[in-house]
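Student: Below: one structure in structure tokens.
The values are calculated or read from the model by the stated rules, or taken from the named source; none is laboratory data. In this text the structure is predicted, and so the values were computed from the model without any measurement. So basically every Cβ, Gly included, is an ideal-geometry build from the backbone, and we count neighbours across all protein chains shown. With ligands, DNA and RNA removed, areas are computed over all heavy atoms of the protein, side chains included. Shrake-Rupley method; radii C 1.70, N 1.55, O 1.52, S 1.80 Å.
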Amino acid sequence: MVYAVRSFPLSSEHAKFLIYAQDKETQEKWQVAVKLSLKPTLTEESVKESAEVEEIVFPRQFSKHSGHLQRQKRDWVIPPINLPENSRGPFPQELVRIRSDRDKNLSLRYSVTGPGADQPPTGIFIINPISGQLSVTKPLDREQIARFHLRAHAVDINGNQVENPIDIVINVIDMNDNRPEFLHQVWNGTVPEGSKPGTYVMTVTAIDADDPNALNGMLRYRIVSQAPSTPSPNMFTINNETGDIITVAAGLDREKVQQYTLIIQATDMEGNPTYGLSNTATAVITVTDVNDNPPEFTAMTFYGEVPENRVDIIVANLTVTDKDQPHTPAWNAVYRISGGDPTGRFAIQTDPNSNDGLVTVVKPIDFETNRMFVLTVAAENQVPLAKGIQHPPQSTATVSVTVIDVNENPYFAPNPKIIRQEEGLHAGTMLTTFTAQDPDRYMQQNIRYTKLSDPANWLKIDPVNGQITTIAVLDRESPNVKNNIYNATFLASDNGIPPMSGTGTLQIYLLDINDNAPQVLPQEAETCETPDPNSINITALDYDIDPNAGPFAFDLPLSPVTIKRNWTITRLNGDFAQLNLKIKFLEAGIYEVPIIITDSGNPPKSNISILRVKVCQCDSNGDCTDVDRIVGAGLGTGAIIAILLCIIILLILVLMFVVWMKRRDKERQAKQLLIDPEDDVRDNILKYDEE
């Protein structure tokens with residue numbers, strides 16, 4: 001392709017020049033002479049001369065001569081027709097003339113078929129049926145159709161084919177009529193800060209609709225501008241053929257420049273600025289953060305204070321600065337205690353929003369043991385520093401924590417306190433001294449004692465010295481004693497500000513003494529009038545425990561004399577005995593039999609216990625008959641009186657109901673007498689007793 005690089009007048013001395021070409025491998029050379037001439041003025045003769053176009057003749061076919069096949073003319077391949085796109089005409093523009101040698105003897109008709117002629121897109125190519133002149137009717141666009149394949153036909157006036165069809169190929173020659181177009185108008189890429197020269201960043205791509213195998217479609221890229229231009233105006237370069245953008249200079253620092261904007265230009269004609277068409281796009285390159293800045297404490301020493309015995313409260317707020325991008329692993333700080341807390345009473349949590357370190361108490365602190373802590377803390381990022389960074393990976397500081405003394409609860413020791421004591425102690429006996437201790441050694445405080453819980457009201461405590469004295473007899477058999485243990489709770493209160501208190505429990509383990517006589521069990525029984533076949537089995541009930549309970553001794557008293565005359569008692573074992581009739585017959589009724597029961601205590605304790613025996617008439621099976629059983633049930637006087645009262649009340653209620661019914665009937669009869677059936681009801685006054 002030969003272009004004029006500047007405007008110049010065409011004279012005879014510029015009319016001719018040479019162009020040389022050389023093969024790089026074989027070193028073979030060629031040359032061609034180019035002669036420039038002015039376009040002649042169009043005249044009728046010149047138009048006629050220009051009308052002379054190339055002529056395409058149908059190849060000769062084989063013919064018979066003297067009985068043999070002879071080829072009158074050699075076949076040839078018709079070269080394609082090259083037609084530039086975007087031609088300005090005039091149209092129709094003649095291309096070639098199709099002719100057959102037989103048109104001298106026959107009247108022929110010519111036609112073309114194929115896409116662009118009689119197939120879509122139709123009408124682009126037409127042919128004169130008489131002269132065979134093939135013409136194009138409008139400008140062509142290579143980007144739509146780059147090649148047309150037509151077939152030329154020759155027939156006689158009867159439509160008979162006189163020649164074989166010939167193929168005509170029309171190539172649309174590309175012209176540089178399309179600018180490069182970027183796939184995106186804005187391209188986004190990233191590059192880590194501190195990247196070395198030659199680091200790949202991104203690739204931009206443009207396309208050209210022109211022929212990619214010709215100069216019209218061969219693109220070249222370049223960077224037009226860079227903003228900002230610090231630290232160097234040429235921080236990046238681009239591969240002019242592939243569009244790859246790489247770093248070309250060092251010094252990328254996100255903390256100084258976070259983003260670069262490049263204007264990228266793509267030019268066809270292999271980047272020829274004179275003849276090539278260009279287009280631009282924007283490349284936005286974001287400098288990503290790497291951990292090149294460690295956290296740094298804003299102060300060397302931080303101060304805080306905490307009340308003793310408090311947990312989960314913030315003691316101090318540690319602040320750091322980090323130049324890396326916020327809320328990234330390169331910015332997030334991790335705190336740890338490196339010294340001054342051997343027992344692990346403190347912990348440091350990171351505030352996710354501010355990146356501050358919150359020093360908190362996780363274990364209670366006693367002022368009387370530790371009044372101050374001096375902690376050594378360190379801060380570092382979640383990810384390690386990038387390689388080659390000269391800064392230390394962490395920053396250290398000191399945290400001074402002061403413990404504040406507060407009034408604490410007095411406490412009893414031991415708690416509970418257990419003492420052993422025999423029951424039966426008289427009132428006024430001093431049992432023990434139950435005192436509390438005040439953990440506030442550095443506060444001058446007094447402790448006073450009060451009774452908080454004493455279910456049986458047996459005890460009192462001295463408010464000053466904590467001596468516990470009985471005010472009633474201690475009884476192991478009391479319902480307030482569980483498993484021989486009596487619990488009482490006392491309160492110790494100091495006079496601090498604010499006053500504090502603590503509770504302590506005194507457990508009295510009561511030792512049993514033989515203070516309860518045994519009793520017969522059951523207290524009521526029944527037997528038949530005759531000694532056989534019934535007997536009464538009895539045992540003893542003693543609220544004391546071993547060794548002040550069983551085994552028991554059972555006996556009958558000497559008086560009245562009827563007891564031993566009518567009854568006999570036999571000991572079965574240490575806990576059971578058997579009572580039987582001594583005589584052959586005893587009249588039915590209720591008898592009170594005194595029984596002497598003695599326990600095994602030291603000294604033993606005896607008691608005469610009454611057994612109420614119901615003697616009744618029995619059937620053959622030894623069971624009391626129904627009538628006798630009712631008598632033998634021996635209802636008590638109170639039960640009989642209650643039954644009689646219920647019967648009387650029921651009778652009174654029935655009587656009152658009958659009287660009320662009769663009274664109601666009389667009232668109804670009296671009201672009916674007030675109204676004369678013959679009189680108008682409106683002349684009478686009626687009382688309804690209704691609202």
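Student: Under the Cβ-under-4.7 Å rule, which cysteines of the chain stay unpaired?
Tutor: Here Cys646 come out as lacking a disulfide-compatible partner, given the Cβ-Cβ threshold of under 4.7 Å.
Student: Turning to a different aspect of this structure: Note down the accessible area of Met300, probe 1.4 Å, to the nearest 10 Å².
Tutor: 140 Å²
Student: Turning to a different aspect of this structure: Give the share of C-alpha pairs in each 5 angstrom bin for the stretch 264-363, from 0 to the last occupied bin, in whole percents, shortest bins first.
Tutor: Bins of 5 Å from zero give 2, 11, 15, 15, 10, 8, 6, 4, 4, 4, 4, 4, 4, 3, 3, 2, 1, 0 percent of pairs.
Student: Oh, and also: Leaving out ligands, DNA and RNA, what percent of the accessible area of the stretch 91-138 is carbon and sulfur, probe 1.4 Å?
Tutor: Working: 1200 of 2410 Å².
For the stretch 91-138, the apolar C and S fraction of the accessible surface comes to 50 percent.
Student: Next question, about the same structure. Are there DSSP H segments in the chain that both extend 30 Å or more along their axis (alpha-carbon positions) and score a mean Kyte-Doolittle hydropathy of at least 0.5? List them, or say none. Display every interim value, and only then the final one.
Tutor: Details: long enough: 637-673 (55 Å, 1.19).
Span-like helices here: 637-673.
Student: Here's a follow-up. Report the paramagnetic label zone for Asn239: residues of the stretch 246-280 whose backbone N is under 11 Å from a point 7 Å from Cα along the Cα-to-Cβ axis.
Tutor: The answer is 246, whose backbone nitrogens lie closer than 11 Å to the label point.
Student: Taking the Cβ of Arg371 as the center, what net charge do the other residues with Cβ under 14 Å away carry, scoring Lys and Arg +1 and Asp and Glu -1? Before the final figure, lay out the partial values.
Tutor: Values: positive: Arg345, Arg441; negative: Glu305, Glu308, Asp366, Glu368, Asp405, Asp440.
Net charge around Arg371: -4.
Student: Would you mind checking the pairs Lys582/Lys614; Lys482/Lys605; Lys564/Lys605; Lys196/Lys256 and listing those with alpha carbons more than 20 angstrom apart?
Tutor: On the way: Lys582/Lys614 15 Å; Lys482/Lys605 24 Å; Lys564/Lys605 22 Å; Lys196/Lys256 17 Å.
In this structure, Lys482/Lys605; Lys564/Lys605 exceed 20 Å between Cα atoms.
Student: Let me ask something else. Report the FRET efficiency, 1/(1 + (r/R0)^6), for Tyr275 and Arg151, where r is their Cβ-Cβ distance and R0 is 60 Å, rounded to 0.05. Display every interim value, and only then the final one.
Tutor: Numbers: r = 38 Å, r/R0 = 0.63.
In this case the efficiency is close to 0.95.
Student: Just to verify a number: FRET efficiency for Thr568 and Ser606, C-beta to C-beta distance, R0 = 25 Å, to 0.05?
Tutor: Working: r = 20 Å, r/R0 = 0.78.
Computed FRET efficiency for Thr568 and Ser606 comes out at 0.80.
Student: How charged is the neighbourhood of Glu423? Take every other residue with its Cβ under 9 Å from the Cβ of Glu423, and add Lys/Arg as +1 and Asp/Glu as -1. Present the calculation step by step, with values, prior to reporting the outcome.
Tutor: Numbers: positive: Arg476; negative: Glu422, Asp475, Glu477, Asp512, Asp515.
With Lys, Arg at +1 and Asp, Glu at -1, the net is -4.
Student: Between Thr286 and Tyr20, 0.36 nm times their residue separation minus their Cα-Cα distance comes to what? Working shown, then result.
Tutor: Details: separation 266, 0.36 × 266 = 95.76 nm, distance 4.93 nm.
Value of the extension gain: 90.8 nm.
Student: Can you tell me the dipole magnitude for the chain around its Cα centre, using point charges on the Cβ only (Lys, Arg +1; Asp, Glu -1), in Debye to the nearest 20?
Tutor: Working: 60 positive and 87 negative charges, 499 e Å.
Magnitude of the dipole: close to 2400 debye.
Student: Roughly speaking, what is the stretch gain from Arg222 to Gln669, that is 0.36 nm per residue apart minus the C-alpha to C-alpha distance, in nm to one decimal? Working shown, then result.
Tutor: Details: separation 447, 0.36 × 447 = 160.92 nm, distance 12.95 nm.
Taking Arg222 through Gln669 to full extension adds about 148.0 nm, to one decimal.
Student: On a 1.4 Å probe surface of the protein chains, which of Val155, Val481, Val561 comes out largest in accessible area, and what is the full order?
Tutor: Numbers: Val155 40, Val481 15, Val561 105 Å².
Ranked list, largest accessible area first: Val561, Val155, Val481.
Student: Rounded to the nearest whole Å², what accessible area per residue is found for the chain with the 1.4 Å probe? Mind dumping the intermediate values first?
Tutor: Values: 42630 Å² over 691 residues.
With all protein chains present, the chain gives 62 Å² per residue.
Student: A follow-up question, please. With every protein chain present, what accessible area does Ser606 have (1.4 Å probe, heavy atoms only), rounded to the nearest 10 Å²?
Tutor: So the heavy atoms of Ser606 present about 70 Å² to solvent.
Student: Given H placed on each backbone N at 1.01 Å, which residues far from Trp187 in sequence or on other chains put an amide H within less than 5 Å of it?
Tutor: Thr282, Ala283, Val284
Student: Further question on the same structure: How much space per residue, in cubic angstrom, does the convex hull of the C-alpha atoms of the stretch 81-173 take up? All intermediate terms of the calculation are to be shown ahead of the outcome.
Tutor: Numbers: hull volume 7.6 nm³, N = 93.
Spread over its residues, the Cα hull of the stretch 81-173 gives 82 Å³ apiece.
Student: OK, next. May I ask you to derive the FRET efficiency for Met372 and Asn480 from their Cβ-Cβ distance with R0 = 35 Å, giving the value to the nearest 0.05?
Tutor: Details: r = 51 Å, r/R0 = 1.44.
E(calc), rounded to 0.05, equals 0.10.
Student: Now a separate question. Residue by residue, what Karplus-based ³J(HN,Hα) values in Hz, rounded to whole numbers, does the stretch 495-510 have, using 6.51, -1.76 and 1.60 with θ = phi - 60° and x for Gly and Pro?
Tutor: So the Karplus estimates, Gly and Pro as x, are 10, x, 10, x, x, 10, 9, x, 10, x, 10, 9, 10, 9, 8, 8 Hz.
Student: Near the amide H of Val96, under 5 Å away, which other amide H atoms are found, from residues 5 or more places off or on another chain, if H is placed in the peptide plane?
Tutor: HN-HN under 5 Å from Val96: Leu134.
Student: To continue, here is another question. Report the full-extension gain for the segment Asn537 to Leu521: residue separation times 0.36 nm, less the Cα-Cα distance, to one decimal in nm. Spell out each step's value before the answer.
Tutor: Working: separation 16, 0.36 × 16 = 5.76 nm, distance 0.91 nm.
Value of the extension gain: 4.8 nm.
Student: Asn495's amide H: which non-local residues (gap 5+, or another chain) put their own amide H closer than 5 Å, with H modeled 1.01 Å from N in plane and none for Pro or chain starts?
Tutor: Answer set, sorted by chain and number: Asn446.
Student: Quick check: from the Cα gyration tensor, does the chain come out rounded (a/c under 1.5), prolate or oblate?
Tutor: prolate
Student: Using a ≥ b ≥ c from the Cα gyration tensor of the stretch 411-511 (square roots of the eigenvalues), is it rounded, prolate or oblate, where a/c under 1.5 gives rounded and otherwise the larger of a/b and b/c decides, a/b for prolate?
Tutor: It is prolate, given that a/c is not under 1.5 and a/b is the larger ratio.
Student: Measuring from label point to label point, each 7 Å out along Cα→Cβ, what is the Lys138 to Ile590 span in nm?
Tutor: So the label points at Lys138 and Ile590 sit 13.7 nm apart.
Student: Let me ask something additional. Let me cross-check Asp512: its accessible surface, 1.4 Å probe, with only protein heavy atoms counted, in Å² to the nearest 10?
Tutor: Around 30 Å² of this residue is reachable by solvent.
Student: So, one more: Going by accessible area, probe 1.4 Å, with all protein chains left in place, what is the ranking of Thr301, Thr190, largest first?
Tutor: Values: Thr301 55, Thr190 80 Å².
So the residues, ranked largest to smallest area, are Thr190, Thr301.
Student: Straight-line reach from Lys35: which aspartates and glutamates have Cα under 19 Å away, leaving out those fewer than 8 places along the same chain?
Tutor: Excluding near neighbours in sequence, the set is Glu13.
Student: Can you tally the net charge around Pro410? Count Lys and Arg as +1, Asp and Glu as -1, for every other residue whose Cβ sits under 12 Å from the Cβ of Pro410. Working shown, then result.
Tutor: Values: positive: Arg448; negative: Glu408, Asp438, Asp440, Asp494.
Spelling it out: positives minus negatives among the neighbours equals -3.
Student: Okay, next question. Once the dipole of the chain is set up with Lys and Arg at +1 and Asp and Glu at -1 on Cβ about the Cα centre, which of Pro384, Val311, Val406 lies farthest towards its positive end?
Tutor: Ranked along the dipole, the leading option is Pro384.
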